[in-house]
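Working notes, structure below.
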Amino acid sequence: MKRILKVLSPAVVLGLLACAGTASAQDWAKAALNKSPRHGEYVTIGEPGGRKLQAFVVYPEVKDKAPVVVLIHEIFGESDWFKEMADEIAGAGYIVVAPDLLSGYGPAPAAATDTSMAGMSGEDHMHMGGGAPGSAFVPAMPGGTAAFGDQSAVTKAVSSLPNEGVLTDLDAAADYGKKLPAASGKLYVAGFCWGGGKSFLYATHRKDLSAAFVFYGPPPAAEAMKNITAPVYGFYAGNDARISATVPQTQIDMKAAGKTYDPVVYNGAGHGFMRAGEAPDASAPNTAARTEGFQRLVKLLGGLRQ
């Protein structure tokens, strides 16, 4: 069966732009985020090499220390929906660290302001810094996702990010999350579309993961699967052969490597159903897959912790 990862050609990169169709205006996601009672903050995470990674961090309203979920965005970058999704997972009882992997890659310094990670409002709801020493939010120069002029520029930039740099950023986000006073020490990773593939890839790299959640993303190279130490759970769309057709071979490869891989395919749903199923014009299959997918995610994380 044809594998779709490896080194992506320009033609394949263009195909990735079809992730969930189009990432149109997400006022509905922004509105839901603004209504959240949870504490969300924007932080800047300093990496050993000097890179400044911006991230959106959301805390659950729970009395005990909570596991950390590193959340990886779609090819559409740090969108309003992505931050709303982070907030919803936090609402189930988990600390969510959602890095903007385009931090500092914006096209022009003039475009980078403190709105580069906008999406929340209300002084009692949005706080800058406070997560850990040295974590105060500092606008990137140039900016991240929001510094790009249009969505096509974002998708092109995300698709060109090298795996080595992505893994380094994810390590920084994971290390930051695990050191938070409210963190329990348990670590998960989840991603969507492009980020789903990176979630699977991260499982081949990070040894202290409790689980990896892959939402309609491609698998890593078979030879890398031997390095996986955590169970991998897949969430796929029935009407998405570009990705879902890789599942049978991935099952074979993961079994041969002696690893746990548990995929579920939601019949009738299309690629990107976690976002598309929440939109005002969502189809019934996408809405059902979105609901069932989120319920499965929370159950696998350990259930609601409110």
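Kindly indicate which of ALA224, ALA212, ALA237 is of a type in the set (Gly, Ala, Ser) and part of a helix (DSSP H, G or I).
ALA224
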(message) Would you confirm, using the coordinates I've provided, whether ALA237 is in contact with a helix residue (DSSP H, G or I) (Cβ under 8 Å, 6 or more places away or on another chain), hydrophobic (A, V, I, L, M, F, W, C), open to solvent by less than 20 Å² (accessible area, probe 1.4 Å) and farther than 24 Å from LEU187 by Cα?
(response) yes
(request) Could you please find all residues in the stretch 149-169 being under 20 Å from TYR202 (Cβ atoms) and part of a loop (DSSP other than H, G, I, E, B)? (result) SER160, LEU161, PRO162
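Is it the case, given these coordinates, that GLY119 is closer than 22 Å to PHE215 by Cβ and modelled with pLDDT under 95?
Values: closer than 22 Å to PHE215 by Cβ: yes; modelled with pLDDT under 95: yes.
It is true that GLY119 is closer than 22 Å to PHE215 by Cβ and modelled with pLDDT under 95.
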(message) Kindly evaluate PRO181 against the criterion of being farther than 30 Å from ASP240 by Cα, in a loop (DSSP other than H, G, I, E, B) and touching a Pro at 6+ places or on another chain (Cβ under 6 Å).
(response) no
(message) Conditions first: (1) over 27 Å from VAL96 (Cα atoms); (2) surrounded by fewer than 20 Cβ atoms within 10 Å (Cβ to Cβ). ASP262 passes all but one, so which condition is the exception?
(response) (1)
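Yes/no per residue for (1) in contact with a Ser or Thr (Cβ under 7 Å, 6 or more places away or on another chain); (2) open to solvent by 20 Å² or more (accessible area, probe 1.4 Å); (3) closer than 20 Å to VAL70 by Cβ:
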| position | (1), (2), (3) |
| --- | --- |
| PHE200 | no, no, yes |
| SER210 | no, yes, yes |
| ALA230 | yes, no, yes |
| ASP253 | no, yes, no |
| ALA257 | no, yes, no |
(message) Can you tell me which condition ARG38 does not meet? The list is (1) crowded, with 20+ Cβ neighbours inside 10 Å; (2) farther than 21 Å from LEU209 by Cβ, and all the others hold.
(response) (1)
(request) Return yes or no: is LYS52 over 24 Å from ARG275 (Cα atoms) and without any contact (Cβ under 8 Å) to a residue 24 or more places away in the chain? (result) no
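Output yes when any residue across the stretch 221-228 is more than 11 Å from the chain's Cα centre (by Cα), β-branched (Val, Ile, Thr), open to solvent by 20 Å² or more (accessible area, probe 1.4 Å) and modelled with pLDDT of 95 or more, and no when none is. Can you show your working first?
Filtering the stretch 221-228 for residues more than 11 Å from the chain's Cα centre (by Cα) gives 221-228.
Retained after the next criterion (residues that are β-branched (Val, Ile, Thr)): 228.
Remaining after also requiring open to solvent by 20 Å² or more (accessible area, probe 1.4 Å): none.
Among the residues of the stretch 221-228, not one is more than 11 Å from the chain's Cα centre (by Cα), β-branched (Val, Ile, Thr), open to solvent by 20 Å² or more (accessible area, probe 1.4 Å) and modelled with pLDDT of 95 or more, which makes the answer no.
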(request) Might you check whether a residue that is of a type in the set (D, E, K, R) and modelled with pLDDT under 85 occurs anywhere in the stretch 98-115? (result) yes
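The values are calculated or read from the model by the stated rules, or taken from the named source; none is laboratory data. This is a predicted model, so every value here is computed, not measured. Neighbour counts run over all protein chains shown; Cβ positions are idealised from the backbone, glycine included. Accessible surface areas use protein heavy atoms only, side chains included; no ligands, DNA or RNA. Shrake-Rupley method; radii C 1.70, N 1.55, O 1.52, S 1.80 Å.
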